[in-house]
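Notes for the one structure printed next.
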Amino acid sequence: MQLALSEGAEVFGTTSAPFVAYVESLGVRGVVDQAAPTFESVVPEVDLVLDTLGGDLLRRSYGVLRPGGRVVSTVEVPEAEILATYQLRGHHARPSPDGATLHRVLQRAAAHRIETKVAQVLPLARAAQALELAQLPGTPGKVILQIPG
């Protein structure tokens, strides 16, 4: 969301209830609790949906796209039959950042154009615990491992 905002996109988003205020503070317009039974009736037609959860939320998201719109899911392949019904394009994208992309993201972070929310910083010796925390649903931010210098 922050990268899209930093490029001037108008961004609408869904998140779980405890994080609505945080996502709004980033500049996202029209933040909706993803558990709301009708988020698709609140979000206007959009050109692109970026799905990072899949399942029912992905299926409900098809309805907010304009004809010719695109859905990109990082977790599952969009359903061809639904794409055809709604006249959409769909892609399954696995994030694989390269050096140039990471450099651009770091530049935006250094310029305070994007923010990283840190949930917890743990020493390298507690890597197993860090992995468990990072995999918990609803972890508010990134879990950072600190490597002794």
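Placing HIS112, HIS91, HIS103 in order of accessible area, with the largest value first and a 1.4 Å probe, yields HIS112, HIS103, HIS91. Here the chain is assigned +1 on the Cβ of each Lys and Arg and -1 on the Cβ of each Asp and Glu. Its dipole about the Cα centre then comes out at about 440 debye. Think of the chain as having a plus end and a minus end, set by charges on the Cβ of Lys, Arg, Asp and Glu; of THR101, ALA134, THR74, THR101 sits farthest toward the positive end of this dipole. Farthest toward the positive end of the dipole of the chain, out of PRO18, ILE147, TYR62, is the Cα of ILE147, where the dipole comes from beta carbon charges about the Cα centre. For the set TYR22, TYR62, solvent exposure ranked by accessible area (probe 1.4 Å, protein chains only) runs largest to smallest as TYR22, TYR62.
Quick one: angle between helix 99-110 and the longest Cα principal axis of the chain, in degrees between 0 and 90, rounded to 10, please. Rounded to the nearest ten degrees, it is 80.
Please work out the average accessible area per residue across the range 72-149, using the 1.4 Å probe convention, and give it in Å².
Here the per-residue accessible area is 75 Å².
Between ARG113 and LEU26, residue separation times 0.36 nm minus the direct Cα-Cα distance comes to 30.3 nm. When only the Cβ of Lys, Arg, Asp and Glu is charged (+1, +1, -1, -1), the dipole of the range 21-91 relative to its Cα centre reaches about 180 debye. The listed peptides 117-126, 26-35, 4-13, ordered by packing as a protection proxy, come out as 26-35, 4-13, 117-126 (highest mean of other Cβ atoms within 10 Å first). Ligands, DNA and RNA left out, the accessible area of the range 44-149 computed with a 1.4 Å probe is 57% carbon and sulfur. Applying 0.36 nm per residue to the separation of GLN120 and ALA17 and subtracting their alpha-carbon distance, the gain on full extension is 35.0 nm. Each of THR85 and LEU106 was given a label point 7 Å from its Cα along the Cα-to-Cβ line. The distance between the two points is 4.6 nm.
Highest GNM mean-square fluctuation among SER25, SER16, SER73, for the chain modelled with Cα contacts below 10 Å: SER25.
Take the Cβ-Cβ distance between THR38 and ASP98 as r, set R0 to 35 Å, and report the resulting FRET efficiency rounded to the nearest 0.05.
0.35
Structural descriptor for the chain: relative contact order 15 percent, calculated from alpha carbon pairs under 8 angstrom and at least 6 residues apart.
A probe of 1.4 angstrom, applied to the heavy atoms of all protein chains, finds LEU106 with accessible area near 120 square angstrom.
The values are calculated or read from the model by the stated rules, or taken from the named source; none is laboratory data. Remember, predicted model here, so these are calculated numbers, not experimental data. Methodologically, a virtual Cβ is constructed for each residue, glycine included, from the backbone with ideal geometry; neighbour enumeration extends over all protein chains shown. Protein only, heavy atoms only, side chains kept; ligands, DNA and RNA dropped before computing areas. Shrake-Rupley method; radii C 1.70, N 1.55, O 1.52, S 1.80 Å.
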